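S.K.: Could you have a look at this structure, given as structure tokens, before my questions?
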Amino acid sequence: MKEEVARQWDVGRVWSITPLGGGSINGAFRVKAGAGSFHLRVYRDAQRQTIEREHAAIAVALAGSVSTPRPVPLRACGTGGIGQLGSAWAALFERAPGAVIAREALTEADVRHMGGFLADLHTRLPQKVNFEAPRVGSSGRTRERLERVEQAIVNLPRPDETDGWALERTRQRLALLRTSPQAPFVSAAPFRFLHGDFHGGNVFFVDGQPASIIDWEQTRLAPRAWEVVRFLDYSLRLRPDLSRAFLAGYRQILPLGAAELLDGVHLYAHLQESNVWVFESVYTDNNPGPKVFIRPPPYVPFARAWREADLH
């Protein structure tokens, strides 16, 4: 692989390529070369169009003075940065300064700064872009898809503890769908261009402050409150102390009223009830990466979890 990287990107001699943990969708590697240290992303099963959208989003972010690593241009053309390693698409990026803070190590000060960082990001990104970005929405057929996941888990020859969690949570979700069908929800808030995957693993800190954001593959159109609520759930597990600190940090930069936040909660809850991505990836698409996101039972609908956290 070293020779392929050196041949496609003008980084000098490549000394080493080291796999990095944490990539739930794509392969991630640290590249040390004559021109410095870089981050190599090898895309798993990604369409070229999806990767081009990610690079277009990075260009938009850089135009808005967002701190994010630039793609390294290909040697052959000097502009586009999408190469190919074997049969997979790949891109080489500058390294982000600093380091991420593990979820279990986050303090109220850290998440307050992250709230302000997200609000600042929202001010820098345009409302609209001149390329197609997907709009958040339900993918449908939730019950049928969960039933396929259930059968795939049952058929595992040697299930482990996490597989047992997944099976129990899947059956609990199916029971809820059968007894309490999901009601439709239409957000009243404007949809705008967002990073789409803002979480602690994508934010790099320098000297106690968020300094850079990575990973623009999941950019989408959604209300900004949806992205706020997604972070509170995904990164903070709705911990009241940390969640309130994050909201306070966000509101120091941008106003976010209770009604707009609740609209984001309703939209996020509606979408989560139909979200089968993690379990499908692991059990029907044979991608083990997202398995780290499977939580122990019981399955608690997000709307109920939000009420219990008493956030506003």
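The values are calculated or read from the model by the stated rules, or taken from the named source; none is laboratory data. No experiment lies behind these values; they were computed from the predicted model shown. Using ideal geometry, Cβ is built from the backbone for each residue, glycine included, and neighbour counts are taken over all protein chains shown.
The rows are residues; the columns are (1) modelled with pLDDT of 95 or more; (2) closer than 24 Å to Ile153 by Cα.
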| residue | (1), (2) |
| --- | --- |
| Glu168 | yes, yes |
| Arg178 | no, yes |
| Ala189 | yes, no |
| Phe193 | yes, no |
| Phe204 | yes, no |
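Let's see how each residue does on (1) at pLDDT 95 or above; (2) more than 29 Å from Phe279 (Cα to Cα):
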{"residue": "Asp110", "(1), (2)": "yes, yes"}
{"residue": "Gly116", "(1), (2)": "yes, yes"}
{"residue": "Gln127", "(1), (2)": "yes, yes"}
{"residue": "Asn130", "(1), (2)": "yes, yes"}
{"residue": "Gly140", "(1), (2)": "no, no"}
{"residue": "Arg143", "(1), (2)": "no, no"}
{"residue": "Leu146", "(1), (2)": "yes, no"}
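S.K.: While we're looking at this one, here's another question. Do you know which residues across region 251-281 are β-branched (Val, Ile, Thr) and out of contact with any Asp or Glu (no Cβ under 9 Å at 6 or more places or on another chain)?
M.R.: Correct list: Val265, Val276, Val278.
S.K.: Another question about this same structure. Just to be sure I understand, how many residues within region 95-110 are without any contact (Cβ under 8 Å) to a residue 40 or more places away in the chain and among the hydrophobic types (A, V, I, L, M, F, W, C)?
M.R.: Of the residues in that region, 1 qualify.
S.K.: Among the residues of region 263-308, what is the count of those that are among the acidic types (Asp, Glu) and in a loop (DSSP other than H, G, I, E, B)? Walk me through how you get there before you give the answer.
M.R.: The first filter runs over region 263-308 and keeps only residues among the acidic types (Asp, Glu), leaving 263, 273, 280, 285, 308.
Next, from what is left, pick out any that are in a loop (DSSP other than H, G, I, E, B): 285.
Of the residues in region 263-308, 1 are among the acidic types (Asp, Glu) and in a loop (DSSP other than H, G, I, E, B).
S.K.: Only one of Val11, Val31, Val100, Val111 is touching a strand residue (DSSP E or B) at 6+ places or on another chain (Cβ under 9 Å) and closer than 30 Å to Leu261 by Cβ. Can you tell me which?
M.R.: Checking each option against the conditions leaves just Val100.
S.K.: Tell me which residues, restricted to region 132-155, are touching a residue at least 24 places away in the same chain (Cβ under 8 Å) and under 18 Å from Pro288 (Cβ atoms).
M.R.: Once the filter is applied, which keeps residues that are touching a residue at least 24 places away in the same chain (Cβ under 8 Å) and under 18 Å from Pro288 (Cβ atoms), region 132-155 yields Arg148, Val149, Ala152, Ile153.
S.K.: Of the numbered conditions (1) modelled with pLDDT under 95; (2) farther than 30 Å from Leu92 by Cβ, Asp233 fails exactly one; give the number of that condition.
M.R.: Status for Asp233: all satisfied but (1).
S.K.: Quick one: how many residues across region 147-178 are assigned to a loop (DSSP other than H, G, I, E, B) and more than 18 Å from Pro297 (Cα to Cα)?
M.R.: Filtering region 147-178 for residues assigned to a loop (DSSP other than H, G, I, E, B) gives 155-160.
Imposing the further condition that a residue be more than 18 Å from Pro297 (Cα to Cα) reduces the set to 155-158.
Of the residues in that region, 4 qualify.
S.K.: Look at region 112-146 and say how many of its residues are within 18 Å of Leu271 (Cα to Cα) and part of a helix (DSSP H, G or I).
M.R.: As a first pass, look at region 112-146 and keep what is within 18 Å of Leu271 (Cα to Cα): 133-146.
Those still in the list that are part of a helix (DSSP H, G or I) too: 142-146.
Adding up the residues that qualify gives 5.
S.K.: Let me ask another. Take the residues of region 34-71 that are of a type in the set (Val, Ile, Thr) and in contact with a strand residue (DSSP E or B) (Cβ under 6 Å, 6 or more places away or on another chain): which is farthest from Gly196 (Cα to Cα)?
M.R.: That would be Val42.
S.K.: Just the residues that are of a type in the set (Gly, Ala, Ser), surrounded by 18 or more Cβ atoms within 10 Å (Cβ to Cβ) and more than 26 Å from Glu308 (Cβ to Cβ), please, taken from region 253-291.
M.R.: Listed by number, the list holds a single entry, Ser281.
S.K.: Next question, about the same structure. For region 182-221, give me each residue that is on the phi > 0 side of the Ramachandran plot, under 17 Å from the mean Cα position of the chain (by Cα) and in contact (Cβ under 8 Å) with a residue 24 or more places away in the chain.
M.R.: If the condition is that a residue be on the phi > 0 side of the Ramachandran plot, under 17 Å from the mean Cα position of the chain (by Cα) and in contact (Cβ under 8 Å) with a residue 24 or more places away in the chain, then Gly196 is the only one that fits.
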